[in-house]
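Working notes for the structure below.
The values are calculated or read from the model by the stated rules, or taken from the named source; none is laboratory data. Here the structure is a predicted model, which is why all the values come from computation and not from measurement. Note that we place each Cβ from the backbone using ideal geometry, even for glycine, and neighbour counts take in every protein chain shown.
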Amino acid sequence: MPVQFQASLFDSADEPTLGPVAAGLERHELPRGAWVDLRPRWVDGADDLFAHLHDNVAWRADEREMYERVVAVPRLLAWFGERSIWPHPLLERAREDLGDHYEGELGERFSTAGLCLYRDGRDSVAWHGDRIGRSRTQDTMVAILSLGSPRRLALRPRGGGESLSFALGSGDLLVMGGSCQRTWEHAIPKTAKPVGPRISVQFRPRGVL
């Protein structure tokens, strides 16, 4: 499948590299005990990492039942666990660096990575919280590495309230923590604007989906 997206003007590395998680990290405190950390341009050479994952991951198309009919999930998916062969060594380093930075606050390390490929602006993910498993009743963290074309990640309080959003560019890191998965919802909305493909890498602790 051809890759068509606007390359980042900030990419300078010959090979993808990670900067320190803490450098430029900004925490946004949200109501109900939730928070979001944003670390712009965590990955230098992010466009090369995007191209590698785009071309080498065994993406799958899923379906789900909705309103008594089966519909296609509007994005492609992949998942890597602790015993999987991960598709690029930088993702394993990212998992370990996130663990080093957040383990004291989280109480454990990150374990798995779920990947989503948004092929264009028609691909999306609806409002939801990652509440399968322990995250249904416990505070946890989900760390998202964004690669490829910029997209907006929107958040809103569960049950209604004013929403906010973060514009994520290639190589940006966003971490949702505290009660965020239980008390807030997040989404990648569809857009009618011309937009190229994007890959989202979601790092989670064991037992959080």
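Once the stretch 101-111 is narrowed to residues that are surrounded by 14 or more Cβ atoms within 10 Å (Cβ to Cβ) and either among the hydrophobic types (A, V, I, L, M, F, W, C) or out of contact with any helix residue (DSSP H, G or I) (no Cβ under 9 Å at 6 or more places or on another chain) (or both), the residue that is nearest to Ala23 (Cα to Cα) is His101.
Can Arg136 be described as of a type in the set (Lys, Arg), closer than 20 Å to Ala187 by Cβ and surrounded by fewer than 18 Cβ atoms within 10 Å (Cβ to Cβ)? Yes: the conditions hold for Arg136. Residues in the stretch 170-189 that are under 16 Å from the mean Cα position of the chain (by Cα), surrounded by fewer than 20 Cβ atoms within 10 Å (Cβ to Cβ) and not in a strand (DSSP E or B): Pro189 only. The numbered conditions (1) under 25 Å from Val43 (Cβ atoms); (2) in contact with a Phe, Trp or Tyr (Cβ under 6 Å, 6 or more places away or on another chain) are all true for Glu185 except (1). Considering only residues in the stretch 121-133 that are under 15 Å from the mean Cα position of the chain (by Cα) and of a type in the set (A, V, I, L, M, F, W, C), the one that is surrounded by the fewest Cβ atoms within 10 Å (Cβ to Cβ) turns out to be Ala126.
Within the stretch 46-71, restricting attention to residues that are among the small types (Gly, Ala, Ser) and free of Cβ contacts under 8 Å to residues at least 60 places away in the same chain, the residue that is surrounded by the fewest Cβ atoms within 10 Å (Cβ to Cβ) is Ala58. Note on the stretch 117-153: residues that are under 19 Å from Pro194 (Cα atoms), of a type outside the set (Val, Ile, Thr) and in a strand (DSSP E or B) amount to 8. Scanning the stretch 119-139 for residues that are at pLDDT 95 or above and under 13 Å from Gln202 (Cβ atoms) yields one hit, Val125. Among the numbered criteria (1) charged (D, E, K, R); (2) within 19 Å of Glu82 (Cα to Cα); (3) in a helix (DSSP H, G or I), which one does Arg204 miss? The single condition Arg204 does not satisfy is (3). Residue count for the stretch 72-107 under the criterion of being part of a loop (DSSP other than H, G, I, E, B), within 22 Å of Leu49 (Cα to Cα) and without any contact (Cβ under 8 Å) to a residue 40 or more places away in the chain: the result is 6.
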